[in-house]
Amino acid sequence: MRFPARSSRGFLAARDHLAQAARGFLMGSADVVPGVSGGTVALVLGIYERLVTNIRAGAAVLGAAVQGRFSEAWRRFRAVEWDFILPLLAGIGTALVVLAALLEGLLEDHPIGTAAVFFGLVAGSIPVAWAAVGRWDPARAVIFAATAAATFGLLGLRSEEVADPALVAFFLAGAVAVVAMILPGISGSFILLMLGMYEGVLAAVNDRDVAIIGAVLVGAVVGLASFATLLDRLLRGHHDTVMAALVGLMAGSLRVLWPWPDGTDTARLAAPDGAGGVGALLLALAGFAAVQAIVALGRAREHPPPADPVNQPKPASARPEPR
């Protein structure tokens with residue numbers, strides 16, 4: 001499923017917009033579930049590099065505008081492939097609205113089973129991020145262990161989902177979660193869940209709470225302008241060290257996804273109960289396997305098997321001429 005190239009006029013044909021919105025819906029479906037990265041889905045669909053390029057371009061627009069360089073901002077704005085981005089965003093937004101109600105109901109009615117799926121999804125993403133570290137050395141191993149331990153301990157201070165957070169909390173959550181758009185293997189929903197804001201954002205989407213949704217979106221815009229370029233530079237200059245810290249962050253954050261005793265509502269830990277323990281374990285394994293399957297599809301797309309020269313048709317110039 002390759003994304004069509006731009007025409008000579010620089011715009012996609014109208015028939016491609018629906019297909020692009022469908023790709024966005026798949027990405028949004030992944031983004032709304034903690035542990036599954038929309039970037040991974042974009043990789044599977046073959047649009048990841050183009051997406052990251054446009055995210056960087058958009059961040060440059062916002063950065064120039066914030067600094068008052070409006071002529072530069074306009075020039076960079078025109079360089080963004082809006083015919084690529086807008087249908088994608090429409091699809092992502094549609095997925096968020098459609099799936100938010102489903103997930104909110106699952107978290108309320110089946111907290112243990114839903115947390116088990118989330119646990120498996122995030123656990124399945126850890127090997128993906130681990131493999132992204134090109135070279136492990138003692139310093140990076142220490143960074144990984146320290147980040148995991150600190151995250152595990154700090155999350156233990158969070159007794160429950162944040163109750164009635166102020167608008168500024170939603171603003172900050174949006175600013176932090178949006179950075180996950182350019183991080184391999186980490187979803188924005190996972191960040192929201194770690195911060196205790198996931199259910200609040202889901203409820204705001206379901207209730208069409210314009211104030212809260214606006215605060216999250218403004219935070220996302222500010223976060224993209226403020227942090228995306230810096231994070232991109234860190235990944236370029238210190239990729240393995242940054243990724244080692246991110247792997248530790250993901251590992252330590254599994255604490256808040258441990259299903260027992262309260263699902264994702266608290267960071268308290270308890271042993272599995274006898275009745276639902278096996279079912280929750282199977283759900284966690286299914287989540288783990290789902291991530292590995294998505295990643296395998298992405299790798300197959302990045303590195304297709306070489307063509308078999310024996311079965312390849314010969315070019316016309318190499319075929320014997322008929323007598």
How much area per residue is accessible in the range 50-156 when the probe is 1.4 Å and only protein heavy atoms are counted (Å²)?
50
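Run the numbers for residue 137 and residue 289: contour at 0.36 nm per residue of separation, minus the present Cα-Cα distance, in nm.
Stretched out fully, the residue 137 to residue 289 stretch lengthens by 51.9 nm.
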Leaving out ligands, DNA and RNA, and with a 1.4 Å probe, what % of the accessible surface on the range 46-164 is carbon or sulfur?
67
Residue 71 - accessible surface, heavy atoms, 1.4 Å probe, Å² rounded to 10:
100
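The values are calculated or read from the model by the stated rules, or taken from the named source; none is laboratory data. Worth saying up front: this structure is predicted, and the values here are computed from it rather than measured. SASA here: full protein model, heavy atoms, side chains in, ligands and nucleic acids out. Shrake-Rupley method; radii C 1.70, N 1.55, O 1.52, S 1.80 Å.
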